[in-house]
Amino acid sequence: MAETVGDEFKRDRAAARPFSLKNRFIGIARVSPTLASGVIIILAFGFMAVFAHWLMPHDPVSAYPERVLKPPSAEHWFGTDGNGMDVFSRVIYGAKFGFGIAIPAVILAVAIGVPVGLVAGYRGGLLDEVLMRFFDGLRVFPSIILALAVVAATGQSLLNVVLVLGFLDSPVFARVVRSEVLSLRSSVFVESAKAAGNPTWRILFIHLLPNAIQGATAQAAVRAAWAVRISATLAFLGVGIQAPTPEWGAMIRQGAEFMVTGQWWVGIFPGIALIFLVFGLNLFGDGLQDLMDPRRRAVN
Amino acid sequence: MAIPLLVGIVFVTFMLVRVGGLDPVGRLAGPTATAEEFEMIRAELGLDEPLWKQFAIYGGNVVRGDLGESWLSNRPVLTDLKERAFISIELLFWGVGIGTLIGVPIGLRAAFRPNGRFDQISRVLSLLGFSIPTYWLGLVMLFVFFYLLQWAPPGIGRISLMVSPPDHITGSYLIDGLLTARWGAVQSAAAHLVLPVICLAIVSAAPIIKQTRAIALEVLSSDAARYARASGLPPKTVRRLVLRNSATPVVTFVGTEITGLVGTMSLIEYVFAWGGLGQYGLNAIVRGDFTAVQGYVLTLALFSVIVFLIVDIIVNLIEPRSELT
């Protein structure tokens, strides 16, 4: 969107409307359609996850032995799978796993990565050097393989998947926060906070953190998308979450063998759901990055 | 510089197997083993030694090229890996090569007219490419092109079962077939390559589009580009300048991206039963063959290090500023 004086004016007028969630959202949608469509998709899936029990026409794990591998119909919108379970209900229930894994994993990654980045950036020196080298070193391992191998080695449970994804993702946040802190370290407000006798933890968490966290918030959405994708991949390979749990990756695994025999509905629908949620999170993260990065805005 | 990294890599692969509640002894001993038998096996495997000593032994073995024996195939892991390495590199080469050839021009064109229609479309497409699970894409392709249209061969292996593979020269059926003039084999191998290569190309093009656009935009707003435009140079010349200055960061990005793509590729191999390194590694992980997992992860890390080295060399060759040195 080429920003002209007219656009500015329109935006101001939008902002001048009485405050309501709806008006606020319209304002955001004008500036960044990407962000807005991301929000809509995420909210839709959030709704599905929270109200799954009201939305599901059938129980996601009870099998109808007489209705195995039936194509989509009025009774079973997305057909039934190899166990005779309703694919539509299972896809809806799967949203719970998407959020249930991604949100705690990202929170864990932030909880580890942000303090590490703060301290490393503020202290500098050997600690910083060693940490950054370690994070750089981890880059030579493909993240999906590392996640797979660690989950397989440490025991396969949902909790473990969350822990491993959280740990593996923390360097991203450490790196973002560290680079912010590096540029803020010698700024006036930090110097004066130091001169006023604030202890280091106060400078780090009260003064630096709010200023350094911005870049990390945009990352959080992108990394949530990553977590949803990787956890589904693990389940697809049968690591971590096992069928017949109604998780999208596990469902695609069930559908894989039917794909070459023509029963496409078992594997296609959970994949579409997965794509939409990841796409929504990516749109949201991309939009946030666009809004927050002054350089990317300046070019437009 | 590279030596601590290599030691670190060996350490990570070593710890990978030791961090968890994983117990090779229990697996070897079986359910009826007595406590003494357990101790005997532990001693035999060297697991009763202190951790640092185990690491020293493991490191020494790795340096000598001994990666242990896989209990799935009952063969030295190194032999297994060597046999499959080229099969995977062939797929990676075609997939990433085509992905780059698609991604870079699209990213550049998007950057030249930011927020134009082409940019908007390519941005949504690349975000979509980020979001599609590779294995699902592979399965859908098999459904459409094998089951529905019957254009593609079934996703099992690298060559039709009816065609005998050509003599082993490089390990790539395509190249070996060409070298030995076995046209039937060449045709079958090429047909089997198409779907996995398209999959990998789509998945690798997405981040390349996004990053190339960002890099080119940055170069476009640099002082050099602004000066060139202000001096009234024709747009074509400015574009050439942007191309030249974007080349280094784009090559670096593609290089770092390959590491992640190796992981993605193993999923494609898994879906298409490709029989390469990736499928071997995933099988080892899923079935708990941890000697093989160690060897596999180690190989991937070494591969990344080699790719980074090659990228450094290429960057040195094409970087305009390095002509001076």
- Message: Given (1) under 20 Å from B:ILE268 (Cβ atoms); (2) part of a loop (DSSP other than H, G, I, E, B), identify the lone condition not met by B:PRO114.
- Response: (1)
- Note on the structure: Residue set A:GLN263, A:GLN219, A:GLN214, A:GLN242; condition under 24 Å from A:ASP169 (Cβ atoms) and within 13 Å of chain B (Cβ to nearest Cβ); output residue A:GLN242
- helices (runs of 4 or more DSSP H) within segment B:196-295 that include 3 or more residues facing another protein chain (nearest Cβ under 9 Å): B:235-271, B:277-287
- Query: What residue, of B:LEU277, B:LEU302, is outside the structural domain of B:ILE89 (by TED's automatic domain parsing), aliphatic (A, V, I, L, M) and open to solvent by 10 Å² or more (accessible area, probe 1.4 Å)?
  - Reply: B:LEU302
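Here's the yes/no breakdown for (1) open to solvent by 80 Å² or more (accessible area, probe 1.4 Å); (2) at pLDDT below 80; (3) assigned to a helix (DSSP H, G or I); (4) of a type outside the set (Phe, Trp, Tyr):
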position: B:LEU28; (1), (2), (3), (4): yes, yes, yes, yes
position: B:THR32; (1), (2), (3), (4): yes, yes, no, yes
position: B:ASN74; (1), (2), (3), (4): yes, yes, no, yes
position: B:ARG84; (1), (2), (3), (4): no, no, yes, yes
position: B:PHE130; (1), (2), (3), (4): no, no, yes, no
- Is there a residue being modelled with pLDDT under 85, out of contact with any helix residue (DSSP H, G or I) (no Cβ under 7 Å at 6 or more places or on another chain) and open to solvent by 50 Å² or more (accessible area, probe 1.4 Å) anywhere in segment A:36-44? no
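If you check A:VAL278 against the conditions, is it modelled with pLDDT under 90 and touching a helix residue (DSSP H, G or I) at 6+ places or on another chain (Cβ under 8 Å)?
Taking the combined requirement at face value, the residue does not satisfy it.
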- Scan segment A:147-172 for residues that are within 13 Å of another protein chain (Cβ to nearest Cβ) and without any contact (Cβ under 8 Å) to a residue 60 or more places away in the chain and jot them down. A:ALA149, A:VAL150, A:ALA153, A:THR154, A:GLY155, A:LEU163, A:VAL164, A:PHE167, A:LEU168
- Item | Subset of segment A:20-35 (residues that are open to solvent by less than 70 Å² (accessible area, probe 1.4 Å) and without any contact (Cβ under 8 Å) to a residue 12 or more places away in the chain) | A:SER20, A:ASN23, A:ILE28, A:ALA29
- Query: (1) touching a residue at least 40 places away in the same chain (Cβ under 8 Å); (2) more than 22 Å from B:PHE93 (Cβ to Cβ); (3) within 28 Å of the chain's Cα centre (by Cα): which one isn't true of B:ALA205, the others all being true?
  - Reply: (2)
- Within segment B:133-146, count every residue that is buried (at least 17 other Cβ atoms within 10 Å of the Cβ) and either free of Cβ contacts under 8 Å to residues at least 24 places away in the same chain or facing chain A (nearest Cβ under 7 Å) (or both). 8
- Note on the structure: Looking across segment B:179-206 at residues that are at pLDDT 90 or above and touching a Phe, Trp or Tyr at 6+ places or on another chain (Cβ under 7 Å), the single one that is nearest to B:ILE106 (Cα to Cα) is B:ALA206
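Taking only segment B:147-178 into account, find how many residues are at the interface with another protein chain (Cβ under 9 Å from one of its Cβ atoms), open to solvent by 30 Å² or more (accessible area, probe 1.4 Å) and under 25 Å from the mean Cα position of the chain (by Cα).
Selection size over segment B:147-178: 1.
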- Please name all residue pairs, on different chains or six or more residues apart, with Cβ atoms under 8 Å, provided the first residue is in segment B:104-132 and is at the interface with chain A (Cβ under 10 Å from one of its Cβ atoms) and within 30 Å of A:PRO270 (Cβ to Cβ) and the second residue is charged (D, E, K, R) and open to solvent by 40 Å² or more (accessible area, probe 1.4 Å). B:ARG123/B:LYS210; B:SER126/B:LYS210; B:LEU127/B:LYS210; B:PHE130/B:LYS210; B:SER131/A:ARG229
- Quick one: which helices (runs of 4 or more DSSP H) lie wholly within segment A:184-291 and hold at least 3 residues that are open to solvent by less than 30 Å² (accessible area, probe 1.4 Å) and of a type outside the set (Ser, Thr, Tyr)? A:214-236, A:248-259
- Residue selected from segment B:34-62 under the condition at pLDDT 80 or above and of a type in the set (Val, Ile, Thr), by the criterion most open to solvent (accessible area, probe 1.4 Å): B:ILE57
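The values are calculated or read from the model by the stated rules, or taken from the named source; none is laboratory data. Here the structure is a predicted model, which means the values were calculated and not measured. As a convention, Cβ positions derive from the backbone with ideal geometry for all residues, glycine included, and neighbour counts pool all protein chains shown. All accessible areas refer to the heavy atoms of the entire protein, side chains included, with ligands and DNA or RNA removed. Shrake-Rupley method; radii C 1.70, N 1.55, O 1.52, S 1.80 Å.
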